[in-house]
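This report concerns only the one structure given below.
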Amino acid sequence: MSRRLKTDIHGPDWRRGIDDLRERGIPAAFAPELEPPLHLVVEIGFGRGEFLKDLAQRSPETAFLAIDASHKRVLKMARRLALGELRNIRLVAARAEIVVEDMLLPESVACFWINFPDPWPKKRHHRRRLIQPQLIARLATRLVPGGVVWAATDHVEYAQQIHEVLSKEDALENDYAPAPWRREVPGRMVTAYELEWRAEGRTLHFFAYRRRPSASRSR
Ligand SMILES: C[S@@+](CC[C@H](N)C(=O)[O-])C[C@H]1O[C@@H](n2cnc3c(N)ncnc32)[C@H](O)[C@@H]1O
């Protein structure tokens, strides 16, 4: 028997709709708790959200825009956040590609986190993978100069694809060069999926690509 999803929110509801974001812009979504200019960090595919909560707790003055395509995950996170003290997270249930394309302004994001995106291991599903050249080109323009795309995967073959896509983006440079990725990043917080993969003994791949100061603003 399936359990009914609880939808009531006992406290402030930090979800924002994409129409609202499109019409009023990102800074309005954080007002009045945070005032512009925002120091904006975006997590794409936050899943169960522990990593996001940890980041937000450590940086209460930073604005965290948290995007997940799963309405269920966003609802569950909204219910958890409503019971807590954090005031610097806004949740969006949408495909990240749409939010990045339509709602994030050029040079407005300090960093993007993409932790353990779905690997879609079957070849015929590879086009469903999140990390694609077009998305990365858009992320690069939305980053402030010196801003970073952080990514991680446990999947060996997806790691190779992520490396190829990121390293071919002219606007970004690899912080870990000459290595394509690192297997460990001391001090980095751990995500829910990461805990599972570590318990299984899988090899992890961590990426850090920084926007070149000279990169063009438009595209
Ligand atoms: C494998 S989980 C990883 C969750 C979390 N980052 C972690 O490491 O524990 C991938 C997450 O990305 C979300 N997702 C998949 N495609 C997405 C997209 N196009 N835009 C936003 N979120 C997406 C899924 O709903 C899921 O919550």
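A Cβ-based charge dipole, computed about the Cα centre of segment 129-219 with Lys and Arg at +1 and Asp and Glu at -1, lands at about 460 debye.
Beyond 29 Å between alpha-carbons counts as too far, so tell me which of 6/122; 123/168; 76/123 fall in that bin.
6/122; 76/123
Hey, with R₀ at 30 Å, roughly what FRET efficiency would residue 212 and residue 125 work out to, going by the Cβ-Cβ distance, to 0.05?
On the way: r = 32 Å, r/R0 = 1.08.
The calculated FRET efficiency here is 0.40.
For segment 81-89, backbone phi angles converted through the Karplus equation (6.51, -1.76, 1.60; θ = phi - 60°) give residue-by-residue couplings of 5, 4, 8, x, 9, 5, 10, 10, 10 Hz, Gly and Pro being listed as x. Accessible surface for the chain, divided over its residues, is 53 Å² per residue with a 1.4 Å probe.
Counting pairwise Cα distances across the chain, what percent come out greater than 28 angstrom? It would help to have the intermediate numbers written out before the result.
Values: 6617 of 23871 pairs.
Distances greater than 28 Å cover 28 percent of the Cα pairs.
Could you check how much of the accessible area of segment 56-202 is carbon and sulfur, as a whole percent, using a 1.4 Å probe? Answer for segment 56-202 is 53 percent, counting heavy atoms of protein chains only. For the pair segment 185-203 and segment 163-182, the centres of their Cα atoms are 21 angstrom apart. With an a/c value under 1.5 for the gyration tensor axes a ≥ b ≥ c computed over the alpha-carbon atoms, segment 8-120 is described as rounded.
In debye, nearest 20: dipole of segment 44-111 around its Cα centre with unit charges on the Cβ of K, R (+) and D, E (-)?
On the way: 11 positive and 9 negative charges, 105 e Å.
Computed about the Cα centre, the dipole is about 500 debye.
Positive end of the dipole of the chain (Cβ unit charges, origin at the Cα centre): among 26, 67, 197, the Cα lying farthest that way belongs to 197.
What 222 nm value per residue comes from the helices of the chain, counting each DSSP H run with n ≥ 4 as -39,500 (n - 2.57) and dividing by all residues, nearest 500 deg cm²/dmol? So the calculated ellipticity at 222 nm is -9500 deg cm²/dmol.
What you get for the chain, charging only the Cβ of Lys and Arg (+1) and of Asp and Glu (-1), is a dipole of about 700 debye around the Cα centre.
Among beta bridges identified by DSSP and lying wholly in the chain, the antiparallel ones come to about 30 percent. Using heavy atoms of the protein chains and a probe of 1.4 Å, the accessible area assigned to residue 9 is about 40 Å². Computed over the chain with a Gaussian network model linking Cα atoms closer than 10 Å, the most mobile of 59, 108, 167 is 59. Build a GNM of the chain with springs between Cα atoms under 10 Å: which of 86, 65, 135 gets the top mean-square fluctuation? Evaluated over the chain, the most mobile residue of the options is 86.
The values are calculated or read from the model by the stated rules, or taken from the named source; none is laboratory data. In this text the structure is predicted, and so the values were computed from the model without any measurement. As a convention, Cβ positions derive from the backbone with ideal geometry for all residues, glycine included, and neighbour counts pool all protein chains shown. Calculation scope for accessible area: heavy atoms of the full protein, side chains included, ligands and nucleic acids excluded. Shrake-Rupley method; radii C 1.70, N 1.55, O 1.52, S 1.80 Å.
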